[in-house]
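To keep things clear, I will list the structure first and then write my remarks on it.
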Amino acid sequence: MSITRTGIRSTTVALTTIALLASAASARDQRLTAREVIARIQQQVGVPWQSDTVDTFKAGNPDIPVTGIAVTMMATLDVLQRAAAAGDNLIITHEPTFFDHLDTADQLPEKDNDPVLTEKRQFIEKHGLVIWRFHDHWHARTPDGIETGMVHALGWEKFEDSTNQYLFNIPETSLEKLASEIKHKLGIHVVRVVGDPALHITRLAFAPGAAGFTNHAKALEMTGVQALVIGEAREWETVEYVADAASEGKQKSLIILGHIPSEQAGMEECTRWLKTFVTEVPIQFVPAREPFWSPNP
Ligand SMILES: [Zn+2]
């Protein structure tokens, strides 16, 4: 061997440097893609993945490397702006982006020319955002991921009925006090209530989001349930039904929180869960703003 000790050492250093550069390059190439994040969610969610689901990519290129993940209740433009400003390019949203359940925008009469839709799509494209919806499977978990986060935010764990996670047995209060307590705990500006403010409440059902009239009626028909707390309902279905029940002197009432506040904490819960198995990129919860305000006084 004609190589001196010094020569061997410097060759070793050079080889080590090359190895380090090579591994840095491959780490760059191997940065987590949006598609890989979603595959990991599918493995971790704990329920079989359904083929008929709205939990799909809605915009952007799923194969781009993720710089940061924003988890939100609703991918409003305001949320997208805050996420992009923070350097996030993967948006995980519970509710639609393009104004209908299937994100087709088909209800817009001028779908290809609608000024609001066009500007939103342009923003998404300009900032290279990838949007993926996480709705069906987060609800399908046992317990329901949205309900879990909301119950935690309301501090209602101890009141949960042992046979039904949507029913709660609470210390006796009035409808007015219950609505006020929920409003303050969740920081909602506009809460609407149907029924007698003095109605005694000891048992309630909580159906976040827009569960639909049939589910609302099922909860209201249960013996002993005096209040149903919901995200939203058509005013000529659930709302009229409860107004009529109250007119008939039945012990029934309705508290309407608005869709976003009724599920928001469930996606905060999702953010905590996601951080337990996605550690390579920053993840933040971006709360969607409550859209309503009311004149005061
Ligand atoms: Zn939901």
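The values are calculated or read from the model by the stated rules, or taken from the named source; none is laboratory data. What you see is a predicted model, and the numbers here were worked out from it, not measured in a lab. With ideal geometry, Cβ positions are generated from the backbone for all residues, glycine too; neighbour counts draw on all protein chains shown.
W138 fulfils the conditions (1) more than 16 Å from the ligand (Cβ to nearest atom); (2) surrounded by 14 or more Cβ atoms within 10 Å (Cβ to Cβ) except for a single criterion, (1).
So which of I255, I170, I201 is under 27 Å from D136 (Cα atoms) and surrounded by 14 or more Cβ atoms within 10 Å (Cβ to Cβ)? Let's see the steps before the verdict.
Values: I170 fails: under 27 Å from D136 (Cα atoms); I201 fails: under 27 Å from D136 (Cα atoms).
None of the other options fit; the residue is I255.
Looking at V151, V194, can you tell me which residue is more than 16 Å from the ligand (Cβ to nearest atom) and surrounded by 15 or more Cβ atoms within 10 Å (Cβ to Cβ)?
Numbers: V151 fails: more than 16 Å from the ligand (Cβ to nearest atom).
V194 is the lone residue from the list that is more than 16 Å from the ligand (Cβ to nearest atom) and surrounded by 15 or more Cβ atoms within 10 Å (Cβ to Cβ).
Can you tell me how many residues within the range 101-146 are charged (D, E, K, R), part of a loop (DSSP other than H, G, I, E, B) and touching a Lys or Arg at 6+ places or on another chain (Cβ under 7 Å)? So the answer is 1.
The number of residues in the range 211-267 that are more than 18 Å from M150 (Cβ to Cβ) and either at pLDDT below 95 or among the acidic types (D, E) (or both) comes to 7. Can you confirm whether the range 71-78 contains a residue that is surrounded by 22 or more Cβ atoms within 10 Å (Cβ to Cβ) and more than 16 Å from the ligand (Cβ to nearest atom)? There is no residue in the range 71-78 that is surrounded by 22 or more Cβ atoms within 10 Å (Cβ to Cβ) and more than 16 Å from the ligand (Cβ to nearest atom). Regarding the range 235-249, can at least one residue be identified that is outside the structural domain of H101 (by TED's automatic domain parsing), polar (S, T, N, Q) and surrounded by fewer than 18 Cβ atoms within 10 Å (Cβ to Cβ)? Among the residues of the range 235-249, at least one is outside the structural domain of H101 (by TED's automatic domain parsing), polar (S, T, N, Q) and surrounded by fewer than 18 Cβ atoms within 10 Å (Cβ to Cβ), which makes the answer yes.
In the range 128-153, the residues that are without any contact (Cβ under 8 Å) to a residue 60 or more places away in the chain reach residues that are within 10 Å of the ligand (Cβ to nearest atom) with C-beta atoms within less than 7 angstrom, at least six apart or across chains, in these pairs: H139/G145; H139/I146.
How many residues does the range 117-135 contain that are more than 16 Å from the ligand (Cβ to nearest atom) and under 12 Å from E95 (Cα atoms)? Talk me through it step by step, then tell me what you get.
If we filter the range 117-135 for residues that are more than 16 Å from the ligand (Cβ to nearest atom), which is where we start, we get 117-131.
If we keep only those that are under 12 Å from E95 (Cα atoms) too, we end up with 131.
Number of matching residues: 1.
Look at I92 and say whether it is farther than 28 Å from L228 by Cα, surrounded by 15 or more Cβ atoms within 10 Å (Cβ to Cβ) and within 15 Å of the ligand (Cβ to nearest atom). When the stated conditions are applied, I92 passes them. Listed conditions (1) more than 16 Å from the ligand (Cβ to nearest atom); (2) assigned to a strand (DSSP E or B); (3) touching a Pro at 6+ places or on another chain (Cβ under 8 Å); (4) of a type outside the set (F, W, Y) are all met by Q165, apart from (1).
Among the residues of the range 268-291, those identified as of a type outside the set (G, A, S), within 16 Å of the ligand (Cβ to nearest atom) and in contact with a Ser or Thr (Cβ under 6 Å, 6 or more places away or on another chain) are E269, F285.
Scan the range 161-174 and report the pairs whose first residue is closer than 20 Å to A217 by Cβ and whose second residue is of a type in the set (K, R) and surrounded by 11 or more Cβ atoms within 10 Å (Cβ to Cβ), with Cβ atoms within less than 8 Å and a gap of 6+ or a chain change. From residues that are closer than 20 Å to A217 by Cβ, the pairs are L167/R203; F168/R203.
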